[in-house]
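Report on one structure; see the data block that follows.
The values are calculated or read from the model by the stated rules, or taken from the named source; none is laboratory data. All values reported here derive from a predicted model rather than from experimental measurement. Cβ placement follows ideal geometry from the backbone for every residue including glycine, while neighbour counts extend to all protein chains displayed. Areas reflect the complete protein model, heavy atoms only, side chains present, ligands, DNA and RNA absent. Shrake-Rupley method; radii C 1.70, N 1.55, O 1.52, S 1.80 Å.
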Amino acid sequence: MWERIGAMIFKEVRQMARDPSTIAMMFFFPIIQLVIFGYAINNDPRHLPLVVEANDNSAFSRSIVSALRTTGYFDITEVAGSYGEADRLIAEGKAQFALTIPTDFARRLVRGERPQLLLTADATDPASTGPAVAAVNEAVAEALARDLIGPLAGRQQGPPPIDLVLHRSYNPEGITSHNTVPGLLAIILSMTMVALTSMSVTRETEQGTMENLLATPLRPVEVMVGKIVPYFLLGFVQVCVVLGFAIVVFEVPFVGSLGLLLAVTLLFTLVSLALGFTISTLVESQVQSMMASMLYLMPSILLSGFAFPYRGMPVWAQWLAELLPPTHYIRLVRGIMLKGWEWPLVLPESGKLVLMLLVLGTIAVRRYRDTVA
Amino acid sequence: MSKAPAISVRGLTKRFGPRTVVDHVDLTVMPGRICGFLGPNGSGKTTTLRMICGLLIPDAGEGEVLGLDLSTKRRAIKHQIGYMTQKFGLFSDLSIAENLEFIARVYRLDRRKERVAETLEKLGLTSRADQLAGKLSGGWKQRLALAAAVMHEPKILLLDEPTAGVDPQARREFWDQIHALAAEGMTVLVSTHYMDEAERCHEIAYIAYGVMLARGTIGEVIAGSGLSALQGEGPSADRLAAEIEQRPGVAMAAPFGTSLHVCGPDPVALRAAVEPWADRINFTPAEPSLEDVFIHLMRGATDNSVEAR
Ligand SMILES: Nc1ncnc2c1ncn2[C@@H]1O[C@H](COP(=O)(O)OP(=O)(O)OP(=O)(O)O)[C@@H](O)[C@H]1O
Ligand SMILES: [Mg+2]
């Protein structure tokens, strides 16, 4: 048994090594993805549309606006005096940020009452929120440092003279850039594990080599394991590439346990492999298996919490997302990497993945035949 | 050598959907014999071979392969069978040596390296051991596939159209090799469309549209067909084929070079049928060929299957 599995593994690895697209898939795919999304991770965008609703028309607000201009971060539109205009521009997507300066801003500032400045952000693009907030803070501080002179110079000591309130619209979870990495891990693993395994099995059928394999003493389960192991290792390499890049190049924080992360990654990889195998038993050609994988990947990308925040989705979509392994894996990785989840906390989501593994594994083993038709 | 048959199946049946592709096929092959398996395209040869080597589960029927029950001992049977698929079934992205090595591992052969080297040597492929199998020409692919199928020294060898598209020289060598293997006691069941190959077999089995129509040695099959034949020589004899074939009592007429070959089920009726031309063409009794028999059988079978609908 082990020798036959060994023979399969050996063969698979050789074929993989000979196929440049596999190598490309293994290294370049995650790197390219990371670089594309890495731009989002580390982005420092310019020319963000900002609307300033200056309701007090004071010298202070004018100098805040001019300071904001000089940062180069924003393209500024001013809408003075008409309430609700800023919100409307954000809703329509014409502005990404709105800075509202209240009517009594100047008066309260002079009195030292720490007036509020409201910054509304369209957080559907959460990556740019952080840098923008920082830029606004800086610009305001700079403007006021210039203006609070003479008798008002005292306001510069102690707590900041104003209170910048950030309000995120449309993205209550306030997903930050660092959340991209967990999602990316899930998506890359899904793509390679599901698509490559299902295609590698259907390729044997399509090329007629499966008939030969099955005519030998190889058992179906041996063929399966022989195929799983190399892809499993490939997945591991990809995880290392992504994590390495994320931590070293993009400085994504990693507060949890690496061992735990690898454990849940292993689980997720197995679920994906089982799914790939199940697909291969349902389709007849490589093209079909590619289509089926896409059919799985699209909702995985859209609904798993990678592209859109889970809580922002309608209930039916949330239910659908619950059925997708990446949803649970992304939660686990976020929990472990960013929030430092320990054992008991990972159990509920891991349990769901184990359940999926059992169901898919059973289907795959039962459907995978040792006959050709 | 024991005299239990190497392959013995009875009533083997396979259906794909509503179609019965193999219909109650009986087949017995004794050890060390080469049995040719013939029949038109789509007649169920590949399907039958797959059932014998355990790649398909028959819908009905029973049988033993090397004394092992076909329905319960499929795995044990696989260890002792070599199967060469109709389509090249080795890995085209692995080299010749790597393919053989893989097979050797799967069958857990001892002295793996030596065996692979020996096989390469025997094939005359030692110098090209590192060439990718997919880059080989058709004839070499066939040789490699045969080598892979016999490397574990199976007791039974199933070959599915092993020489399709192979040049005569290579075919000759292929058959010499098969006879050598049979002489060592290997039982061979080989499907083919070539008459000359059928004649190289100890016995033949003819299947058409799932039904086994004839079995036995070539002499038996020809005698069993009840056909008789005439050979016509004379000016433009070969041009008369189409005309004569329309006559009652003539099963078929075919030109062979400048002469004409006619055959039919009844010798008297056949004589009468060619009578109008007897003045200029000299008809002499001839032996019906295997081809005559097969075409005759196939036409009969086609009619049946059309009627059945
Ligand atoms: N897996 C399958 N599903 C459905 N029909 C099949 C399947 N395999 C074979 N058939 C059908 O069964 C019939 C017999 O096929 P088979 O391959 O056994 O014929 P064959 O005698 O080997 O033909 P050829 O000489 O062309 O190789 C064909 O009509 C084919 O279409
Ligand atoms: Mg065939």
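In table form, for the structure just shown:
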{"read-out": "A:R334 being open to solvent by less than 80 Å² (accessible area, probe 1.4 Å) and either away from every other protein chain (no Cβ under 14 Å) or out of contact with any Cys (no Cβ under 9 Å at 6 or more places or on another chain) (or both)", "value": "yes"}
{"read-out": "B:L55 vs. criteria buried (at least 23 other Cβ atoms within 10 Å of the Cβ) and assigned to a loop (DSSP other than H, G, I, E, B)", "value": "yes"}
{"read-out": "The listed residue being more than 16 Å from ligand 2 (Cβ to nearest atom) and either among the acidic types (D, E) or at pLDDT 90 or above (or both), out of A:L345, A:L355", "value": "A:L355"}
{"read-out": "Positions within the stretch B:35-73 being near ligand 1 (Cβ under 9 Å from one of its atoms), within 12 Å of chain A (Cβ to nearest Cβ) and over 12 Å from B:D160 (Cβ atoms), in sequence order", "value": "B:L56"}
{"read-out": "The listed residue being outside any helix (DSSP H, G or I) and away from chain A (no Cβ under 14 Å), out of B:G139, B:G165", "value": "B:G165"}
{"read-out": "The stretch B:82-91, residues that are more than 7 Å from chain A (Cβ to nearest Cβ) and away from ligand 2 (no atom under 16 Å from the Cβ)", "value": "B:G82"}
{"read-out": "Only listed residue being among the charged types (D, E, K, R) and over 25 Å from the mean Cα position of the chain (by Cα), chosen from B:E291, B:E220, B:E287, B:E245", "value": "B:E245"}
{"read-out": "Total residues in the stretch B:36-62, condition more than 16 Å from ligand 2 (Cβ to nearest atom) and within 20 Å of the chain's Cα centre (by Cα)", "value": "1"}
{"read-out": "Residues that are more than 13 Å from ligand 1 (Cβ to nearest atom) and open to solvent by 50 Å² or more (accessible area, probe 1.4 Å), drawn from the stretch B:196-212", "value": "B:D196, B:E199, B:R200, B:H202"}
{"read-out": "Verdict on B:R171 being under 14 Å from the mean Cα position of the chain (by Cα) and assigned to a helix (DSSP H, G or I)", "value": "yes"}
{"read-out": "Residue list for the stretch B:195-243, filter: assigned to a strand (DSSP E or B), within 16 Å of ligand 2 (Cβ to nearest atom) and among the small types (G, A, S)", "value": "B:A205, B:A208"}
{"read-out": "The stretch B:92-128, residues that are in contact with an Asp or Glu (Cβ under 6 Å, 6 or more places away or on another chain) and more than 10 Å from every other protein chain (Cβ to nearest Cβ)", "value": "B:V116"}
{"read-out": "Among residues of the stretch B:129-175, those that are buried (at least 18 other Cβ atoms within 10 Å of the Cβ), of a type in the set (S, T, N, Q) and more than 16 Å from ligand 1 (Cβ to nearest atom), counted", "value": "0"}
{"read-out": "Search result, residues across the stretch B:10-33 that are within 14 Å of chain A (Cβ to nearest Cβ), touching a residue at least 12 places away in the same chain (Cβ under 8 Å) and within 16 Å of ligand 2 (Cβ to nearest atom)", "value": "B:K14, B:V21, B:V22"}
{"read-out": "Residues of the stretch A:62-96 that turn out to be surrounded by fewer than 16 Cβ atoms within 10 Å (Cβ to Cβ) and part of a loop (DSSP other than H, G, I, E, B), as a count", "value": "9"}
{"read-out": "Selected residue [over 16 Å from A:I188 (Cα atoms), surrounded by fewer than 18 Cβ atoms within 10 Å (Cβ to Cβ) and among the hydroxyl-bearing types (S, T, Y)] from A:S289, A:S285, A:S280", "value": "A:S285"}
{"read-out": "Any chance A:P344 is in a helix (DSSP H, G or I) and either β-branched (V, I, T) or buried (at least 23 other Cβ atoms within 10 Å of the Cβ) (or both)", "value": "no"}
{"read-out": "The stretch B:180-194, subset among the small types (G, A, S) and part of a helix (DSSP H, G or I), residue farthest from ligand 2 (Cβ to nearest atom)", "value": "B:A183"}
